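The values are calculated or read from the model by the stated rules, or taken from the named source; none is laboratory data. Since we're looking at a predicted model, the values are computed, not measured. Neighbour counts run over all protein chains shown; Cβ positions are idealised from the backbone, glycine included. Please note that ligands, DNA and RNA were not included when accessible areas were found on the heavy atoms of the full protein model with its side chains. Shrake-Rupley method; radii C 1.70, N 1.55, O 1.52, S 1.80 Å.
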Amino acid sequence: MSHYDALETRSRDEREAAQLAALNAQIARVAAHPGACQIDGAPLPDLAALARLPVLRKADLTGRQKAAPPFGGIAVQNVAQVFQSPGPIYEPGGVGHDWWRLGRFLHATGIGRSDIVQNCFSYHLVPAGMMFDNAARAVGAVVVPAGTGQTELQVRAAADIGSTAYAGTPDFLKVILDKADEMGVALRIAKAAVGGGALFPSLRKEYADRGIACRQCYATADLGNIAYESDALDGMILDEGVIVEIVRPGTGDPVPVGEVGEVVVTTLNPDYPLIRFATGDLSALMPGQSPCGRTNARIRGWMGRADQTTKIKGMFVRPEQVADFVARHTEVSRARVIAERQGEMDVMTVQVETRASNPALYESSLLDVLKLKGRVELVPPGSLPNDGKVIEDRRSYG
């Protein structure tokens with residue numbers, strides 16, 4: 001299968017040069033807007049300098065939107081739709097060609113002009129339905145705007161119209177297939193483009209056993225497509241319209257390739273310029289390139305949530321506080337706060353990666369930063385799990 005376009009097979013130098021030019025255009029666009037904040041508009045010399053700009057979090061965006069509805073003073077243009085996500089957060093939508101860039105994902109899934117896509121993402125207030133509707137048009141497929149629920153009607157429509165592909169959450173396709181079996185109806189669905197939830201290996205295998213090739217993407221309402229699978233099934237390839245950083249939770253500091261951290265995305269879409277938008281999701285960059293020939297970097301997919309804020313002894317402990325503690329000690333590489341129960345009392349242990357041998361060196365610093373007393377456990381550098389967690393809650397709430 002051919003690639004979606006020539007962008008997918010660019011050299012690293014070509015991609016970085018194009019991204020830097022588009023990024024600086026975004027920065028200028030944002031800085032020139034009356035609602036601009038914290039960005040002065042000076043062009044960056046290279047992509048690494050992006051890490052010097054502030055991170056925009058969803059909580060910040062919610063506050064900005066309340067102060068300047070509906071989009072918080074962001075330099076939005078060419079708005080055709082307005083959507084609402086939990087928070088609430090309001091996102092613009094456009095009708096330009098492949099506006100959310102999910103056509104690239106559908107193409108990698110094998111969906112094209114010969115397909116009829118049963119689009120089972122919601123069209124109600126949230127953008128998912130329109131995102132995949134727009135993507136199907138980008139690859140020339142016909143769309144059945146099925147939405148969610150009404151399983152029996154979904155089966156009848158798929159059978160009567162001859163749907164060959166499914167778009168929706170990973171598990172709802174199984175509901176449709178099981179209902180079709182119950183009704184004794186044969187369906188022609190052979191391709192599935194899924195998102196919005198975890199695709200477990202057992203479910204992917206069940207679809208494969210039914211002759212359905214199932215591929216998943218990682219996309220959000222704010223950013224559109226971030227990464228997607230190809231037939232190689234070896235990680236998720238970054239979309240060509242975004243710059244992705246993996247940062248240490250609670251900070252904006254990029255981590256090395258392979259280390260788990262929070263996904264921070266800068267979109268190059270001029271209609272909705274989000275710079276260093278924190279998704280709150282955990283993932284890790286993978287070394288090398290996909291065997292499918294696409295040359296962009298890959299991530300391991302969704303690996304949990306980065307917001308690990310936990311209340312211990314009645315006090316909130318946040319990832320930013322743990323990062324502050326680490327920053328105070330040059331000999332400390334990482335730290336991990338562990339919350340447990342002893343009897344009816346909360347206890348806190350802080351594991352500190354360091355070559356130092358005296359835990360007392362860190363007790364006052366921890367008390368100053370976390371406002372809590374706890375046991376300090378020194379561990380060798382590199383010994384803490386590579387799972388992105390800086391706060392681990394081991395208490396049982398059952």
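Mind checking which residues of the range 106-132 are touching a strand residue (DSSP E or B) at 6+ places or on another chain (Cβ under 7 Å), free of Cβ contacts under 8 Å to residues at least 40 places away in the same chain and open to solvent by 20 Å² or more (accessible area, probe 1.4 Å)?
Correct list: 123 only.
Just to check your reading of the model, which residue among 57, 52 is in contact (Cβ under 8 Å) with a residue 60 or more places away in the chain, open to solvent by 40 Å² or more (accessible area, probe 1.4 Å) and more than 28 Å from residue 234 (Cα to Cα)?
Numbers: 52 fails: in contact (Cβ under 8 Å) with a residue 60 or more places away in the chain.
Exactly one residue qualifies, and that residue is 57.
Yes or no: residue 226 modelled with pLDDT of 95 or more and either within 23 Å of residue 150 (Cβ to Cβ) or open to solvent by less than 10 Å² (accessible area, probe 1.4 Å) (or both)?
yes
Restricting the range 195-217 to residues that are modelled with pLDDT of 95 or more and within 14 Å of the chain's Cα centre (by Cα), which is nearest to residue 283 (Cα to Cα)?
Per the criteria, the residue is 217.
Can you name the residue in the range 378-391 that is open to solvent by less than 40 Å² (accessible area, probe 1.4 Å) and without any contact (Cβ under 8 Å) to a residue 60 or more places away in the chain and, of all such residues, is nearest to residue 309 (Cα to Cα)?
That would be 384.
Note down all Cβ pairs under 7 Å where the first residue falls in the range 349-363 and is in a strand (DSSP E or B), the second is hydroxyl-bearing (Ser, Thr, Tyr), and they're at least six residues apart or on different chains.
Every condition considered, the pairs that remain are 352/362; 353/333; 353/383.
Please find, among 294, 375, the residue that is among the basic types (Lys, Arg), modelled with pLDDT of 90 or more and open to solvent by less than 50 Å² (accessible area, probe 1.4 Å).
It is 294.
Against the condition surrounded by fewer than 15 Cβ atoms within 10 Å (Cβ to Cβ), in contact with a helix residue (DSSP H, G or I) (Cβ under 9 Å, 6 or more places away or on another chain) and aliphatic (A, V, I, L, M), how does residue 42 come out, does it pass?
When the stated conditions are applied, residue 42 passes them.
If residue 65 satisfies all but one of (1) under 30 Å from residue 107 (Cβ atoms); (2) buried (at least 17 other Cβ atoms within 10 Å of the Cβ), what's the number of the condition it fails?
Every condition holds for residue 65 apart from (1).
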